[in-house]
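The values are calculated or read from the model by the stated rules, or taken from the named source; none is laboratory data. All values reported here derive from a predicted model rather than from experimental measurement. Note that we place each Cβ from the backbone using ideal geometry, even for glycine, and neighbour counts take in every protein chain shown. Protein only, heavy atoms only, side chains kept; ligands, DNA and RNA dropped before computing areas. Shrake-Rupley method; radii C 1.70, N 1.55, O 1.52, S 1.80 Å.
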Amino acid sequence: QGYMTTQKERLSYWTYFVGQNVYYNITFIYLSAYLAMQGIALWKVSLVLLAVKIWDAVNDPIFGYIFDKVKFKNGLKSLPWLRIAVAFIPVVTIAVFTIPGGFGETGKLIWFGVAYLLWDTVYTLTDVPAYAMLNTMTDNLDERNTLLSINRVFSGGGVLIYGVVLPLLISESIGMSASMAIAVLSIFSALTMVPLCVFCKERNY
């Protein structure tokens, strides 16, 4: 009673976090194994990861400032950023996991560094506006708390999907390459995130 969002909006908001957490787990759990298969020295990978983490610490407040200051013509605050992010997150995720095999170690390292930096930036765009949107979807505190608490269940669903589907796709029974399996999961994840961009509404700008 008193909820401002529809059931379709709430379900769209929650399914968004299924896809987001598949992307997160693909990159933060499987990445080391993938890079080891590329023949890149792990100490060099560690230097790139350190550089990206430094950038991550910087880009969060930068984007927070941009997020507060940018005014879209349609008056919306979070949805425009989320639509941009949902369009690009599968592209940059696939790029991270499709390092050209013909490249030497230096070329592979540069490809990975650029792709991972872009991934980290785009992932920030999937995260900050999604949580900020709670405040623009409804001004009902109980409704916000419900949206936030149940999205943790759907986030766990994303972890489960990653943990089951990726090993299955690259197993001997199916035999997909790692890059192809990541592409399949990336497309699936994007599809779970699209409904938020279509059905959810911002009411409190």
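Only helices enter the 222 nm calculation for the chain: every DSSP H run of n ≥ 4 contributes -39,500 (n - 2.57), and dividing by all residues gives -27500 deg cm²/dmol, rounded to 500.
Considering only protein heavy atoms and a probe of 1.4 Å, how much of the accessible area of segment 65-144 is carbon and sulfur, as a whole percent? Write down the numbers at each step before the final one.
On the way: 2480 of 3710 Å².
Whole-percent figure for carbon plus sulfur exposure: 67.
For a straight C-alpha distance cut-off of 28 angstrom, the lysines reachable from residue 44 (same-chain residues fewer than eight places away being disregarded) are 53, 108.
Between residue 3 and residue 174, what FRET efficiency comes out of the Förster formula 1/(1 + (r/R0)^6) with R0 = 45 Å and r the beta carbon distance, rounded to 0.05? Don't skip to the end; give the middle numbers.
Values: r = 42 Å, r/R0 = 0.94.
It comes to 0.60.
Excluding ligands, DNA and RNA, the accessible surface per residue across the chain is 50 Å² with a 1.4 Å probe.
Which of rounded, prolate or oblate describes segment 57-99 when judged by the alpha-carbon gyration tensor and an a/c cut-off of 1.5? The partial results should precede the final answer.
Working: a/c = 4.65, a/b = 1.61, b/c = 2.88.
It is oblate, given that a/c is not under 1.5 and a/b is not larger than b/c.
Sequentially through segment 20-27, phi angles give Karplus couplings (6.51, -1.76, 1.60; θ = phi - 60°) of 4, 6, 5, 4, 4, 6, 3, 7 Hz, Gly and Pro residues having no value and appearing as x.
Computed with the Debye formula from one identical point scatterer per Cα of segment 1-142, without solvent, the log10 of I(q)/I(0) at q = 0.15, 0.20, 0.22 Å⁻¹ comes to -0.82, -1.21, -1.38. Subtracting the Cα-Cα distance of residue 50 and residue 32 from their residue separation scaled by 0.36 nm leaves 5.1 nm.
Using Cβ point charges alone (K and R +1, D and E -1), the dipole size of the chain about the Cα centre works out to roughly 400 debye. The heavy atoms of residue 188 offer some 80 square angstrom of accessible surface to a 1.4 angstrom probe.
Stretched out straight at 0.36 nm per residue, the stretch from residue 62 to residue 43 would grow longer than its current Cα-Cα span by 4.0 nm. Per-residue accessible area (protein heavy atoms, 1.4 Å probe) orders 155, 177 as 177, 155, starting from the largest.
Of 67, 72, 88, 199, which has the most accessible area with a 1.4 Å probe, and how do the rest follow in descending order? Display every interim value, and only then the final one.
Numbers: 67 15, 72 60, 88 110, 199 85 Å².
Sorted by accessible area, descending: 88, 199, 72, 67.
Taking every protein chain into account, the 1.4 Å probe leaves residue 152 with about 150 Å² of accessible area, to the nearest ten.
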